[in-house]
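Asker: Quick one: the structure is below, and I'll ask about it shortly.
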2 protein chains.
Amino acid sequence: MYASDGTDRASVVGRKPLTDFVIEALTSVGAGEADAALTADVLVAADLAGVDSHGVARLRRYVEGLRNGTINGRARPRVEREHGGVSVVDAQNGLGQPALCFAVDLAVERAREHGVAAVAVRRSNHIGIAGWYTERAARSGTFAMVTTNATPQVAPTGAAEPMFGTDPVSYAVPTAGEPLCYDAATSIVPRGKLERLDREGKPMLPGWAVGPDGATSTDIPRVVAGLKAREGYALLPVGGLGEEYGGHKGSGIGLLAELLCGPLTGASWSKHTYGPEGADLGQFVLCLDLAALGDAGRITRDVDAMAAEIRAARRADEDVPVRLPGERRHRCAEERSARGIPLLPPVVRDLGKIAELTGIKPLGARDGQDA
Amino acid sequence: MYASDGTDRASVVGRKPLTDFVIEALTSVGAGEADAALTADVLVAADLAGVDSHGVARLRRYVEGLRNGTINGRARPRVEREHGGVSVVDAQNGLGQPALCFAVDLAVERAREHGVAAVAVRRSNHIGIAGWYTERAARSGTFAMVTTNATPQVAPTGAAEPMFGTDPVSYAVPTAGEPLCYDAATSIVPRGKLERLDREGKPMLPGWAVGPDGATSTDIPRVVAGLKAREGYALLPVGGLGEEYGGHKGSGIGLLAELLCGPLTGASWSKHTYGPEGADLGQFVLCLDLAALGDAGRITRDVDAMAAEIRAARRADEDVPVRLPGERRHRCAEERSARGIPLLPPVVRDLGKIAELTGIKPLGARDGQDA
């Protein structure tokens, strides 16, 4: 995930018309109204937060999947197993957003009863930004973690082929204000960031990706093409190549996501996702009811006090504040809520294609934006 | 944590006499027999596994703490709160090993009942290697995670002072053989590794640590002294300085450990540990009963199949196998079980001091070793 660095050459769109466009696009290809609205909310939340790689830029793939039947628009997530605080949900190859939202709401409810709950989702699809779900749970007074697997793009330490997904890990905890929410891929950079740098003619750093020979590559057009074509190119986990900067530790966190979302959930692990039967992605949700751990008010005050002390730390660079996870996203969302969401030309073209494909009113023909 | 790189100039000690020495040392300063035996097992397991920084090299601090009353040798971990699968344990400022072992066994038991269990431990002390506990839980058929906070040594991204502990995160899952067990500090390197490189006259890499000015420093004697004296020097999280290699992501995983072990547990967060009332460390345990998630045999087979595929990945370096977490530690433990445990001269001196202080038989005067 990455934040777009500006509105140069971008069309600026209002939240409402963009959301309406997404809902109409999804319902036009068979998604139910409620599922479409929820999916639109998650996608547009990413665009608002500056995580452009996970916003409406993904819509075309969803629309195509629903049209050609690789995603089931009429799926209803089904609890297929339940024991105490543990539930396993079969997403029935539906859109990932309604499936994971169902799982998170279930986890919050079960955590109220059991203090802690784990919900595993199998036969699922792409979920958008993981932080949307953990923030939702945190607003209900729980600590929440969410992780998902994904198409294989990351080489575990020592390997020279993509096996793990960029598998984001997100957690959120209530505070006096917005939840404190961490949400990041377990690779150093996602493919979307390389694609953007490539478009902008900017360089990439050594240690972000390797070629089929296992050596780090900075040939950005070749890396981008090689990742896309699955030609053995791979991103590297947080910490980079080898062990000198803790790459094996980043790789171990990626493996944690793979274990939780694959074998433990009963979904495919990333290497085997997107097979002939559908994506079969897995997601894993953990919720802890703060009230089970102690006085929820005391816990929230302690979180706030700790956050304040971290923000007030001596700065490495006097001009750069010490930020907590999610602060940049929250600030971006405030700005974009007020001024509109900038969409880059390829995304605008994609949305135009979707209007053509589905026959819905093009975004550019709606009020409240200039796309 | 780090693996010692050989037995040069080291004394080689048998497992049994070393374990006996630790037990006698601890009981001589007021620890109960069972607590001493458990603590000895955890410490010697680290030395066997090659994690020398967390083995008997720590014993002197435990003995001194028990002698001067900053650790309570007669503490009994007490469940002070319980709701469904969540328990909060007051370790009563006793040794960390018996407290965390109590918590892990409780978590395994509660996970059987509730499918998932979380146990938070407050008023605790140093626990040795986190992997000892997750492996123990995994041998009972659960997936387990453990994390702990620690004395502040790591600067969060953007900060130029130590705030987080090196906070290890460990997880383990059953396989057909030994559990697959990840166990690593959330900093790139622990202080112990820098101390060893300093002793050996070897260099450190830029990006491992910063000075009080927030800039990376490779002046290893100064960094080691500055960390020890708390002069504003700090280690960096996995991913290193800034955000280019994902340092902010490593920092976010450190923050996760701090949240779970501090505010959520009701213990101090790392910045405020080791106050006048004792260390007040926090630990957090999560256990998932595989049988709650599905057929435990199927899950274990899936974990084994995934592990086999990762091991068989195309190698980045033909001569270096792709390893899964814990494999190196298991191999080292086999070797050292057979050939003895090498102890470096400063550790041997420390153990000699302990014998002097407590009046127990020196290690060198026992059978089965040459120290």
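No value in this document is a laboratory result; all are computed from the given coordinates. All values derive from a computational prediction rather than experimental measurement. Here the Cβ positions follow ideal geometry from the backbone for every residue, glycine too, while neighbour counts run over all protein chains shown.
Asker: If you keep only loop residues by DSSP, which trypsin sites (Lys or Arg not before Pro) in the stretch B:85-179 have at most 14 other Cβ atoms within 10 Å of their Cβ?
Answerer: Of the trypsin sites (Lys or Arg not before Pro), the ones in loops of the stretch B:85-179 whose Cβ has at most 14 other Cβ atoms within 10 Å are B:R139.
Asker: Same structure, new question: Under a plain spin-label model, where a point goes 7 Å from the Cα along Cα-to-Cβ, how far apart in nm are A:E243 and A:E335?
Answerer: 4.2
Asker: Right, here's the next one. Let me check I've understood the local charge: for A:A333, count other residues with C-beta under 14 angstrom from its C-beta, Lys and Arg +1, Asp and Glu -1. What total comes out?
Answerer: Working: positive: A:R15, A:R328, A:R329, A:R331, A:R336, A:R339; negative: A:D41, A:D47, A:D52, A:E135, A:E178, A:D183, A:E327, A:E334, A:E335.
Residues near A:A333 contribute -3 overall.
Asker: Turning to a different aspect of this structure: Please build a GNM for chain B, connecting alpha carbons under 10 Å apart, and tell me which residue among B:V44, B:V119, B:V86 fluctuates the most.
Answerer: B:V86
Asker: Follow-up. When the helix-only estimate is applied to chain A (DSSP H runs of n ≥ 4, each -39,500 (n - 2.57), divided by the residue count), what is the mean residue ellipticity at 222 nm, nearest 500 deg cm²/dmol?
Answerer: -12500 deg cm²/dmol
Asker: Going by a ≥ b ≥ c, the root eigenvalues of the Cα gyration tensor, does chain B fall in the rounded group (a/c under 1.5), the prolate group (a/b larger than b/c) or the oblate group?
Answerer: It is rounded, given that a/c, with a ≥ b ≥ c, falls under 1.5.
Asker: If you don't mind, there's one more thing I want to ask. Considering only DSSP states other than H, G, I, E and B, which GluC sites (Glu not before Pro) in the stretch A:178-285 qualify as loop sites with at most 15 other Cβ atoms within 10 Å?
Answerer: In loop regions of the stretch A:178-285 (DSSP not H, G, I, E or B), the sparsely surrounded GluC sites (Glu not before Pro) are A:E200, A:E231, A:E243, A:E277.
Asker: Now, a different point. Rounded, prolate or oblate for the stretch B:244-371? Axes are the square roots of the Cα gyration tensor eigenvalues, ordered a ≥ b ≥ c, and the cut-off for rounded is a/c under 1.5.
Answerer: Oblate, because a/c is 1.5 or more while a/b does not exceed b/c.
Asker: Let's test this: bin the Cα-Cα distances of the protein assembly as shown at 10 Å from zero up to the farthest pair and state each bin's percent.
Answerer: 3, 15, 25, 27, 18, 8, 3, 1, 0
Asker: Taking beta carbons within 10 Å but only from partner chains, what does the mean come to for residues A:178-185?
Answerer: Working: counts 0, 0, 2, 0, 8, 1, 6, 2.
Mean inter-chain Cβ contacts per residue within 10 Å come to 2.
Asker: Another question about this same structure. According to the square roots a ≥ b ≥ c of the eigenvalues of the Cα gyration tensor, what is the shape class of the stretch B:193-280, taking rounded for a/c under 1.5, prolate for a/b larger than b/c otherwise, and oblate for the remainder?
Answerer: It is oblate, given that a/c is not under 1.5 and a/b is not larger than b/c.
Asker: May I pose another question? For chain B, calculate the relative contact order in percent as a whole number, restricting contacts to Cα pairs under 8 Å that are 6 or more residues apart.
Answerer: 23
Asker: Treating the beta-carbon of each Lys and Arg as +1 and of each Asp and Glu as -1, no other charges, what is the dipole magnitude of the stretch B:193-235 about its Cα centre, to the nearest 20 debye?
Answerer: 160
Asker: Taking every Cα atom in the stretch A:193-235, find the radius of gyration and the maximum pairwise distance Dmax, and write them in Å.
Answerer: For the stretch A:193-235, the Cα radius of gyration and maximum Cα-Cα distance read 9.3, 27 Å.
Asker: In the Gaussian network model of chain B, springs joining C-alpha atoms below 10 Å, which of B:P203, B:P325, B:P168 carries the largest mean-square fluctuation?
Answerer: B:P203
Asker: Starting from the 7 Å offset along Cα-to-Cβ, what nm value, one decimal, do you get for the label separation of B:E109 and A:A229?
Answerer: Going by the 7 Å Cα→Cβ label model, 6.1 nm.
Asker: Take chain B, connect every pair of alpha-carbon atoms lying under 10 Å apart with a spring to form a Gaussian network, then pick out the residue of B:A305, B:A257, B:A333 with the largest mean-square fluctuation.
Answerer: Of B:A305, B:A257, B:A333, the most mobile in the Gaussian network model is B:A305.
Asker: Sticking with this structure for a sec: For A:P98, what charge total do you get from the other residues with a beta carbon under 14 Å from its beta carbon, if Lys and Arg give +1 and Asp and Glu give -1?
Answerer: 0
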